[in-house]
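Engineer: Please read through the structure below; I'll follow up with questions.
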Amino acid sequence: MVFHYEDAELKDAERYRLFYETANDRNAKECANHINDSCPSTVHAVLGEFFVVAEPTAFTKATACQHLYSTLSEPPTFLLVAGNDRTDEDVFKWANKLEESKTVKSAITVSVGIRRTEAKSYVSGPQAIISALRVLASRSGAGLRVLDSNQGNIRAGKS
């Protein structure tokens, strides 16, 4: 469940901008704390940029990645994980552990934006990730290419 709060209050004048942004951030933090305090340990809330995510603790992005990884017939030697908010931290940690245990030869973890994170590196914006994917796809030799969809998502496809 995702609660978006970016436009929770209409901002009538620039002088109220900071007040509303601070109030919205405070309300979002209170919402996340309330969810974490009142729900069983099988659910937790994570504060993102302009949203609060209430998610199960048993199934995360990392457990989904681990499941997909376990279905591979041959483990990859290279792993790239990129994310832009707190909900990606468990995946960064998972990928870093794979590299530390030498399960994969190289795991690159990238956060979009500068912040305290489990990712080992960061880029300033999503365009840097798209550019890196294009370079990787052009050098893969498998005929992969990076496509931009109308929604701004990235997917790999055969050319």
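Nothing in this text is a laboratory measurement; each read-out follows from the coordinates by a stated rule. What you see is a predicted model, and the numbers here were worked out from it, not measured in a lab. Neighbour counts are summed over all protein chains in view; Cβ atoms, including those assigned to glycine, are modelled from backbone coordinates with ideal geometry.
Engineer: Hey, can you rank 100-107, 28-35 by average C-beta count inside 10 Å, highest first?
Structural biologist: Highest to lowest by the protection proxy: 28-35, 100-107.
Engineer: From the backbone phi of the stretch 90-98, what are the Karplus-calculated ³J(HN,Hα) couplings (6.51 cos²θ - 1.76 cosθ + 1.60, θ = phi - 60°) in whole Hz, Gly and Pro given as x?
Structural biologist: Values per residue, Gly and Pro as x: 5, 6, 4, 4, 4, 5, 4, 5, 4 Hz.
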